[in-house]
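Have a look at the structure below, then the notes.
The values are calculated or read from the model by the stated rules, or taken from the named source; none is laboratory data. Small disclaimer: the values here were computed from a predicted structure and weren't measured. As a convention, Cβ positions derive from the backbone with ideal geometry for all residues, glycine included, and neighbour counts pool all protein chains shown. Quick note on the areas: whole protein, heavy atoms, side chains included, nothing else; ligands and nucleic acids left out. Shrake-Rupley method; radii C 1.70, N 1.55, O 1.52, S 1.80 Å.
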Amino acid sequence: MPFTSLTQVLGGLENQDKWEKRRQFRQLSHCWTEVVGVAVAAQTRPLYVQRQVLYVATSSSVWAQNLAFERQRILEKLNAKLSYTLTDIRFSTAQWQLPKKRSAIASESDILWQDHPSHVTIRAHSQSAHAPKSLSTDPQTAFQTWASTLRDRTRSLPTCPVCQCPTPPGELQRWSICALCAAKRMK
């Protein structure tokens, strides 16, 4: 059975009728910076289109108000570039998230992951073995590369006494077996 590349699978899904709105929004997202300019794009983020109205998050109420005055000009430029027609744009600060909050959330989850029993640290001396290799468009080569990388990563791990699979040390310390075997026992 030949493998189908992820690009081909996603392309096939994207061409289905139910993905039309996503295609349209992606088209809008690609031309947003060109239409509004780099400075405005840095302070705004298109959120979604509903009933031919584009909803845009802004970094402040000042930006929202200024852009509301410019919305007719922006609409004309967007409609000239899009394959569909927008009737209005609504600007609001309601769904704007500051990058600092996002990075704080990410760092908190990183901290939690560091303490998770299934976390495996990649040792510095073997870092080059885990560096991403060149991406292949051939699915069989991509799979072989992935399997080889996984084998290299798990080679130094201890094995589960029940299933003999490589297991992160934290799982063995916590349950004396791997997480999958522990889950089976808890049923």
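Collect residues whose amide H, placed 1.01 Å from N in the peptide plane, falls under 5 Å from the amide H of Thr93; neighbours closer than 5 in sequence don't count.
Thr58
On the full set of protein chains, 1.4 Å probe, figure out the accessible area of Tyr48 and give it in Å² to the nearest 10.
Tyr48 exposes around 80 Å² with every protein chain in place.
Quick check: with the 1.4 Å probe, what order do His119, His30 take by accessible area, largest first?
His30, His119
Given a 1.4 Å probe and the protein chains all in place, what does the accessible area of Val35 round to, in Å² to the nearest 10?
10 Å²
Tabulate in residue order the Karplus-calculated ³J(HN,Hα) for region 44-49, using 6.51 cos²θ - 1.76 cosθ + 1.60 with θ = phi - 60°, rounded to whole Hz; enter x for Gly and Pro.
Running phi through 6.51 cos²θ - 1.76 cosθ + 1.60 with θ = phi - 60° gives 9, 8, x, 9, 6, 10 Hz.
Calculated FRET efficiency, Arg23 and Val62, Cβ-Cβ r, R0 30 Å, to nearest 0.05?
After rounding to 0.05, the efficiency reads 0.35.
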